[in-house]
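**Student:** Before anything else, here's the structure in question.
What follows draws every value from the coordinates through simple rules; no lab data is involved. Treat the numbers as computed from the prediction; the structure is a model and nothing was measured. All Cβ positions, glycine included, derive from the backbone under ideal geometry; neighbour counts span all protein chains shown.
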Amino acid sequence: MENLQILLRQHVGKPCAPVVKVGDKVKKGTLIAEPTGLGANIFSSAYGVVEDITDDRIIIKPDDEQPDEYEKIPEGTPLEMVKAAGVVGMGGAGFPTGIKLDTHFDGDGYILVNASECEPGLRHNIQQMEDDPEKVLKGVKYAMEISGANKAIFAIKKKNRKAIEKLDELIKDEPNISRHLLADIYPEGEERAVVRSCLGIELEPSQLPSAARAVVINSETCSRIAEAIDERKPSFLKNLTVRGKLNGGNEAHVFMDVPVGTSVADLIERAGGIDGEYGEITMGGAFTGHATTLDAPITKTTGAILVSMPFVDLKGAKLGILVCACGGNLERMEDLAKKYNGTVTHVCYCKQAQEQKNGTRKCERPGICPGQVKNNLEFKKSGCEYILIGNCSDCSNTVMASGPKMGLKVMHMTDHLMRAVGHPLYRTLRVSKEVDQDLNVADNVENN
């Protein structure tokens, strides 16, 4: 095994503080860093020796032999064990799960299980639902017990028939646990979109799901909850998808229980290696991920490693950027514009990308767009030849309703990645935004 680089910040909040020193021997599950505020415990993911500690990471040189055994967390209440195991949201910002579940619904609340595989091209969450839904369900029941929720709903895209059939069989005798089928559009899977789809409650951008008496957790997080309580297992492993411009084709390579701290290069090599020239490597999904390097390590929240097609050369053409809260921020969009060799001439924000107190932006109604004519007019007046958009399925559709008619050539921030994974480009929406909840009723649910 290569050296593992375990970052001290793998979640929202502040970086953790090391509790080991250089030269210490560690095992799988050895506590190596603790929170200094909001955060979660971090553990070694291998047997080995602490080789170095820097400002932002602990580097572990693994032993040649790697037993399956791990150091177990202490016995305690279910909530105490989830916190001790360092379980966080296994995607997104990585909010500590123990804090999220400490809600005290007192028999009147929901656990909403995000099994949607929100980002296009990813596969690991659905594969887990197909291969081991029992562990996920165990975690859901523990989450209900801890939070005091009396009901749970699985949110899953209707296209994933095999996983849904497995789930239906598993919960057929669970009167308080159901499932809600989602359309195959982005951002179905965003937290507030899940609340809206499952409960019919529209949350404000500043509101958390708790305002709807709900907690949203993804399916992998549920399985890590079950491991913490049933197996006293610390959270030091991650499921993820590796996909894109790889030798052997663009099918998804799903890796389960990868040690946190494993390098991007190692996982790409395991998936067959990069096929010739490429544009960039992205850590995370095509919409919300970021460009990364081969030596970068995965964390508890890493959902994917995607290798893109080479970038088209715009030869300095005037380019407008339309920033959406559902996709990359301005910095990410500007980076992509540079890689496309476009001259950024004008920047607009989607009219629903509401700025928050912390400077980030959230969509007022994720996945539901009122139109983008005004922004397209601004791009046209600024002399833009191209526009680079980062919008969701519906917003992209509204851009296309007027942009091309004005002579604007539309590119999406995910294009280089969608081409690499064989997914249709985000332009005109050709699928249903609502689906029938009967699995046997055919909807227009092909990939958009």
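**Student:** What's the magnitude of the charge dipole for segment 1-90 around its Cα centre, counting Lys and Arg as +1 and Asp and Glu as -1 at the beta-carbon? Answer in Debye, nearest 20.
**Tutor:** Details: 10 positive and 15 negative charges, 76 e Å.
Value, rounded to 20: 360 debye.
**Student:** If pairing requires two Cys Cβ atoms under 4.7 Å apart, which cysteines of the chain are left without a partner?
**Tutor:** C16, C118, C198, C222, C348, C363, C384
**Student:** Let me ask something else about it. List the aspartates and glutamates whose Cα lies under 19 Å from the Cα of K25, skipping any in the same chain that are fewer than 8 positions away.
**Tutor:** Those aspartates and glutamates meeting the cut-off are E2, E34, E51, D52, D63, D64, E65, D68, E69, E71.
**Student:** While we're on this one: Between D63 and K27, what length comes free when the chain is fully extended (0.36 nm per residue of separation minus the Cα-Cα distance, one decimal in nm)?
**Tutor:** Once the chain is fully extended between D63 and K27, it gains 12.0 nm.
**Student:** Mind checking which helices in the chain clear 24 Å along their axis (Cα) and have mean Kyte-Doolittle hydropathy of -1.0 or more, DSSP H runs only? Intermediate values should be presented prior to the final figure.
**Tutor:** On the way: long enough: none.
Membrane-span-like by this criterion, though nothing is claimed about a membrane: none.
**Student:** State the antiparallel share, in %, of DSSP beta bridges confined to the chain, rounding to the nearest 5. Walk me through the intermediate numbers first.
**Tutor:** On the way: 32 of 67 bridges.
The antiparallel proportion sits near 50 percent.
**Student:** List the residues whose amide H sits under 5 Å from the amide H of S178, counting only those 5 or more places along or on another chain, with H placed 1.01 Å from N in the peptide plane.
**Tutor:** Residues meeting the amide H criterion: A152, I153, F154.
**Student:** Once both labels are modelled 7 Å past Cα along the beta-carbon direction, what's the D436-E51 spacing in nm?
**Tutor:** 5.8
**Student:** Under 5 Å between amide hydrogens, which residues at least 5 positions from V216 or on another chain qualify, with H placed 1.01 Å from N in the peptide plane?
**Tutor:** Counting only residues 5 or more places away or on other chains, the set is L112.
**Student:** Related question: Of I126, A193, A143, which is farthest towards the positive pole of the chain's charge dipole, taken about the Cα centre with +1 and -1 on the beta-carbons of Lys, Arg and Asp, Glu respectively?
**Tutor:** Farthest towards the positive end: A193.
**Student:** Leaving out same-chain residues fewer than 8 places away, which lysines sit with a Cα under 23 Å from that of K357?
**Tutor:** By straight Cα distance, K357 reaches K14, K100.
**Student:** Based on DSSP H runs of at least 4 residues, each adding -39500 (n - 2.57), what is the mean residue ellipticity at 222 nm of the chain after dividing by all its residues, to the nearest 500 deg cm²/dmol? Can you show the working numbers first?
**Tutor:** On the way: 12 runs with 110 residues, N = 448.
Result for the chain: -7000 deg cm²/dmol, rounded to the nearest 500.
**Student:** So which lysines pass the test for K351, namely a Cα distance under 16 Å, with those fewer than 8 places away in the same chain ruled out?
**Tutor:** K362, K374
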